[in-house]
Structures are given as structure tokens and as C-alpha cells.
Amino acid sequence: MAAKTIVFLLLAICSFFTLALGCYSEGNLGKWKMLKRSIGISAMHMALLPDDRIVAFDRTNMGPSNITLPSGKCPNISKFIDCYAHSVEFNLANRSVRVLTVLSDTWCSSGALDPDGMLVQSGGYNDGQRVVRYLKPFPISDWVEVPKGLIQPRWYASNQILPNGKIIVVGGRFQHSYEFIPKTSKSDHKLYQLPFLQETNYYRSVQNNLYPFTHLSPDGNLFIFANDRAILLDYVNNIVVRNYPVMPGGFSRNYPSTGSSVLLPLKLLPNNATNTPDAEVLICGGTLPYSNFHANKGEFLDAAKTCGRLVITKENAEWEMEDMPMNRVMGDMLLLPTGDVLIINGAAKGTAGWGVAREPVLNPLLYHPDVPISNGTSNGNIAFSTNQEHRGRFLILSPTTIPRLYHSTAHLLSDGRVLVGGSNPNRNYNFTTLYPTELSLEVFYPPYFCSDKSRPSIAWVKPSVELGYKLKFSLGFHLKGKGDIEKLYLTMVAPSFSTHSFSMNQRLLVLALEQVSETSTGNFVVEGYAPATAALAPPGYYQLFVVHDGVPSRGTWVKIK
């Protein structure tokens, strides 16, 4: 068959960026599957490495786990010998578990993948507050720890990979500052004060500004949200370049009034070196600022059901507010390969913390960011059903049977599934209480895993899977049946570090395309451009997806540098 070439710009496919809702009809709202009944620990922290292995860990001071270290590897922690493992590697290919040795306490720590795919993990509790830990992929070996890798103790801090490949560590309990890791230059040994974090600590007993939401703006500055407001920070010169308005509603959004946040997809155009896209942040959930105080007395207040969107690149940005179908605190927000947002896990009442949440929310939500709301139900070409599952931009998905509360995690996998683990709202491992410690891993299949749509499969990437900035590349893929290539786009997703309802470093780019060619029946070549700058896409590994008619391929790992 003669090759048929169609030239088009990203704008031509924007109307197809939101999913064709065939996969979202009644009765096809996603499904759940148990992956592993026990990995031996509760997955309080979770990261996916570029070899598609999961690293999970909890904390070293929570008592015996359900998996032990190999003989002779029991470390001396806090003056006692501990032979229980608190970190594991999970192999998705065969569902095997391998124990890893972590010596310092990782409780409520943070992390990021560096440009070489190494997990850089920082802070924690007690002897772990100033520790920086490193875990290499290809293959994973074991943790290497630097005891004084941080200037200040960092407990409940947030990390963000930067355009220069460094990692900024922001905040932490009673720490109103930021610093950079690893410490490879003189400037890395400097501490930078950040009064904004002190200003957002309204109640001394409940800070409500821990694990601040951090997102790298396309202009290279850092968006930081804490409690109920945000700034744009020039972290190089330690200058606040923009103050944003208070998010309406009177709710706190950060730990322990834990909401979640994502940077919505960045849509790139050809010649994007001179066309920096707008960037918009979405924040959902949380609770009243004094909810934790009440919950500790046994009174569990309703969580927030509001979401706010803010165009952070706009000088006079204002919040656009909308309601979720249900109240939610401790929900994890994930960017799916399609560009939609999954909101999963959490509770309807109470806050984060030991035993202070009630009414687990078992139904995930799917949020369509590009669906304009017209009377709350439709956007012209795509009409939502009038049944109770659809609420504005939200779709209520199939429920799990396992409550995932405090210390639960979620992560996008390369095949498009979502891995869910953790939940330990107890001081130690407890399997007989109201909400027991959860050692399992399960997967959620979003509705694009449907039978009536052909799933594209990537065959190759040329010149290679190592991409340079602004590089024009081509990608070959196969699609069974008749394909409408006007419904095709490419996305590039950065792997994140998930803990406490925030996936640090999460990022999705919709790439600029030039043309698509059908070279033979069912075989296509798409030509596109890598992101133009490191502010758009910090150096490192990404999952590259082909999305056709709302269905993503399996992701292929690429590296940009």
C-alpha cells in the first residue's frame, strides 16, 4: 500500500487530547487486580527505576516487618540489632521480592531520580534526618548512605529535579529553608532561607505546610505551594518572583491536612524554544486547618471536596475552583499517559496521621483537564452520560476493596497500569485494628484497557532512545485495524517518587509532532521533536508513549540530556 503522509501540528489534535469516551461507558470503569499479597513491608515510599523495578520502603523504627535480612546483614540501629528488612525491590516481571538494607531511619523522607536514573533519597527521622541515600539501577545493588549529606535535618521535605540535574530539597518540619544535593560544588554547601515556609505555618501545633508541593515551571523557576497559598521562586538568586492569591475555600492542602497536586500536561509546539507553553497546576483535596486537632480528640471532620487550577505562568493568575464528586484527604494524584489525572486512595473524613482518618474512599476518580465544562456535563463534541458516575470533568471509577489511608502510595507503571501499595495508619505494624497495616500491592487498570480499541505498540525510536534537546526523532509503531491518525499524539512522562499523597517530580509533556506516515498496513512512523530546554524536561529518563484514540501504548524508556 502506498505510503500516506499527513502533516499536522499539535493544535490539530488538541480536540482529541481528551479521551474518546468509548472506554468510559457504563460497565467499563477500570478494574482491580491483586499483584502480591505481601512484599514484607508497607510501601510508605515508592519509586520506579528505568529498569522497571519498584523500590519500596517504610521506616526503621516501626518494629519488626514481615521480611528478614539475609544472615549476617543485621545492622545495629539505635543501639539494638535489627534483622528485619525495611526496604525491598519488587520485580514486576516475575513478582519477586528482594530485600535491601537501609541503615538510617527513612520515615517521612523524600526522593528523586537523578539524570542517570539513580534514586537519590534524602532525610527522614532521628538518625536519618541529614542522610542522603543512593540506589543505582541496571541492576539495582543496595543502598549507599552518606550520613551528613544534608546541611539541615529534613523530615517531611519535598524534592524536585532541576534543569542542571541537581535536586533541590525544600522545607521539612521546623525547617524554613532549602538546599541542593548532591554536594558536588561549593554553592551546594550553602543553606538558603525561605521565609514563605514560616509564613504559612499558621498553627504551631499543626503546621499544615509540610511536604510542600513543588513543580518546576517552564521558565526554570520553582512553584511552591504550602498550606493554602503559593509562590514562584528563583532558587538561584533566592528571590520570590511571584506571589499567588490564597486558594479559596478556607482549607489547608499540605500535611497533615493532606491534599495532592500535579502539574498538568505541558503541550509543546514546533519551534518550542521560542514558544514556552503555559503551565497550570491542579490541587485537590485536603481538609480544614484545625481538622487534625479535632481528629486526635476523636472528632473526624469532613475532608475538602474542592479542586483548584492555577496558571502559574500567568502574571495575574486566579484560581479556578471546581468540586470533586466526593470529599477526599490523602488522595494520590497521578498523570496517566493520556494526559488525564487519576485521583486514588484516601479518606472522606479526618486527616493524615496515626488513626485519625475515617470513611476510606475506595473509588478512584478520573479527571479530564481539557474538557470544558458547559452546564457541568458536556463540551460539545464529547458529551458525558447523565448517569451519576459523571460529575463535570470527573468520572467515578470502579472501587477497590482495600482501604488505602495514611502512608499509602501509587505509581504509574510503564505498561499503563497503576501500582497501589502501603497504608499503615498505625504506630507499628498492626493487623488486627480498624484499619490494619497493609503489606499488599495491587494494580488498577484504567478504563483505556478496553477490548474494543486497538492498542498501539512501539517498534523503534530513531536515531536512538537517547534524545538531545530540540532533536527531531522518528518513532515506528504498529496499530491493528483501521487507525485514525488525527487521533494520535506522543507523551513523555517523568518517573516520580511517591509518598504522603505527593508524587515528586511527576511531569508529562505532549510532544510537538511534524508528520505521521502509514508505511504499510498497520505500520506507522511519526516524526516529532524532543523538548527544547531542560526547564521543560530536566535531564534524565522518561517513559515515551504513543496514544491513539485515547489508548496508550506500553511506554518505552528514553533518556534526554
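Residues checked against (1) surrounded by fewer than 21 Cβ atoms within 10 Å (Cβ to Cβ); (2) touching a helix residue (DSSP H, G or I) at 6+ places or on another chain (Cβ under 7 Å); (3) at negative phi:
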{"position": "G285", "(1), (2), (3)": "no, no, no"}
{"position": "E299", "(1), (2), (3)": "yes, no, yes"}
{"position": "A303", "(1), (2), (3)": "no, no, yes"}
{"position": "C307", "(1), (2), (3)": "no, no, yes"}
{"position": "E322", "(1), (2), (3)": "yes, no, yes"}
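Test V97 against the stated conditions and say whether it is among the β-branched types (V, I, T), in a strand (DSSP E or B) and open to solvent by 40 Å² or more (accessible area, probe 1.4 Å).
On the way: among the β-branched types (V, I, T): yes; in a strand (DSSP E or B): yes; open to solvent by 40 Å² or more (accessible area, probe 1.4 Å): yes.
For V97, the condition - among the β-branched types (V, I, T), in a strand (DSSP E or B) and open to solvent by 40 Å² or more (accessible area, probe 1.4 Å) - is met.
Per the listing P277, P256, the residue uniquely in contact (Cβ under 8 Å) with a residue 40 or more places away in the chain, within 21 Å of the chain's Cα centre (by Cα) and closer than 16 Å to A357 by Cβ is P256.
Quick grid of which residues meet (1) of a type outside the set (S, T, N, Q); (2) closer than 26 Å to D332 by Cβ; (3) in contact with a Phe, Trp or Tyr (Cβ under 6 Å, 6 or more places away or on another chain); (4) open to solvent by less than 10 Å² (accessible area, probe 1.4 Å):
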{"site": "L197", "(1), (2), (3), (4)": "yes, yes, no, yes"}
{"site": "M247", "(1), (2), (3), (4)": "yes, yes, yes, yes"}
{"site": "P270", "(1), (2), (3), (4)": "yes, no, no, no"}
{"site": "E280", "(1), (2), (3), (4)": "yes, yes, no, no"}
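What are the pairs, 6+ residues apart or on separate chains, where a residue within segment 289-306 that is in contact (Cβ under 8 Å) with a residue 40 or more places away in the chain and over 18 Å from N227 (Cα atoms) has its Cβ under 9 Å from a residue that is open to solvent by 20 Å² or more (accessible area, probe 1.4 Å) and in a helix (DSSP H, G or I)? Hits for this filter: F300/H294. Selection of segment 413-448 for residues being under 30 Å from V546 (Cβ atoms) and among the acidic types (D, E) yields D415, E442.
For R154, are the conditions met, namely being charged (D, E, K, R), open to solvent by less than 10 Å² (accessible area, probe 1.4 Å) and out of contact with any helix residue (DSSP H, G or I) (no Cβ under 6 Å at 6 or more places or on another chain)?
In short, yes.
For segment 337-367, give me the residue count where each residue is touching a Phe, Trp or Tyr at 6+ places or on another chain (Cβ under 8 Å) and either assigned to a loop (DSSP other than H, G, I, E, B) or closer than 18 Å to M44 by Cα (or both). Final tally of qualifying residues: 14.
For (1) of a type in the set (V, I, T); (2) open to solvent by less than 30 Å² (accessible area, probe 1.4 Å); (3) not in a strand (DSSP E or B), each residue gets a yes or a no:
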site	(1), (2), (3)
H411	no, yes, no
G416	no, yes, yes
L419	no, yes, no
R427	no, no, yes
T437	yes, yes, yes
V443	yes, yes, no
C450	no, yes, yes
K453	no, no, yes
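The values are calculated or read from the model by the stated rules, or taken from the named source; none is laboratory data. Just so we're clear, the structure is a prediction, and the values are computed from it rather than from any experiment. Here the Cβ is made from the backbone with ideal geometry for all residues, glycine too, and neighbour counts use every protein chain on show. Just so you know, the surface numbers come from the protein's heavy atoms only, side chains and all, with ligands and any DNA or RNA stripped out. Shrake-Rupley method; radii C 1.70, N 1.55, O 1.52, S 1.80 Å.
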